[in-house]
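Report on the structure given below.
A short reminder: the numbers here are calculations on the coordinates, not readings from a lab. Just so we're clear, the structure is a prediction, and the values are computed from it rather than from any experiment. Glycine gets a Cβ as well: all are built from the backbone with ideal geometry, and neighbour counts include every protein chain shown.
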Amino acid sequence: MAIKYNLVQRSNLQKPDEPKKWYAQSKSDGDVSLKDLGKEITQRCTVNYADTLAVLEALNQVLTVNLEGNKIVRFGDFGSFQVSIGSEGAETEDKFTSSMIKTKKVIFRPGEDLKVMLNNLKFEKR
């Protein structure tokens, strides 16, 4: 299967006088819910659906707790999750306050299997 994309025209915000250029933008082809994942996993192994769904729900909970605890959560070959923050700058260390932290996000770093998948992707214009 190929990753579908559209082309969008954008200007360079750092160089607004330059002409706009065309860029690829991936387009999703729907979504998969936690329940859907549970059903797919159940079809691939001997674990029943209720147990699979319970494990996925618990995984979500322990992932959240550990990320809140400032841990890097590693899922073996799947990859790892980590919280990242960004802030405004302060002129001195003493003038910095936590209210200057403006962005927070969860970073996912793919494991080897996902890196191989990314390297082998094919693309198709919509």
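The figures follow:
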{"item": "Cross-link reach list, lysines versus K27, counting only Cα pairs under 18 Å and skipping chain neighbours closer than eight places", "result": "K4, K122, K125"}
{"item": "Net charge of neighbours whose Cβ lies under 12 Å from the Cβ of L56, counting Lys and Arg as +1 and Asp and Glu as -1", "result": "-2"}
{"item": "Ratio of the Cα radius of gyration of the chain to 2.2 N^0.38 Å, where N counts its residues", "result": "1.49"}
{"item": "For V83, residues with placed amide H under 5 Å, excluding near neighbours", "result": "I107"}
{"item": "About the Cα centre, charge dipole magnitude for the chain (Lys/Arg +1, Asp/Glu -1 at Cβ), debye", "result": "600 debye"}
{"item": "All-pairs Cα distance distribution in the range 1-70, expressed in whole percent, bin size 5 Å", "result": "3, 13, 12, 10, 11, 11, 11, 10, 8, 6, 3, 1, 0"}
{"item": "Candidates V47, V65, V106: whichever shows maximal mean-square fluctuation once the chain is modelled as a Gaussian network with Cα springs under 10 Å", "result": "V47"}
{"item": "Positive-end residue of V32, L7, T92, charge dipole of the chain with Cβ unit charges", "result": "L7"}
{"item": "Dipole magnitude of the range 43-91, debye to nearest 20 (Cβ charges: Lys/Arg +1, Asp/Glu -1, about Cα centre)", "result": "280 debye"}
{"item": "Structure-based [θ]222 nm, the chain - -39500 (n - 2.57) summed over DSSP H runs of at least 4, per residue, nearest 500", "result": "-10000 deg cm²/dmol"}
{"item": "At least 18 Å along the helix axis (C-alpha) and Kyte average at least -1.0, DSSP helices within the chain", "result": "49-68"}
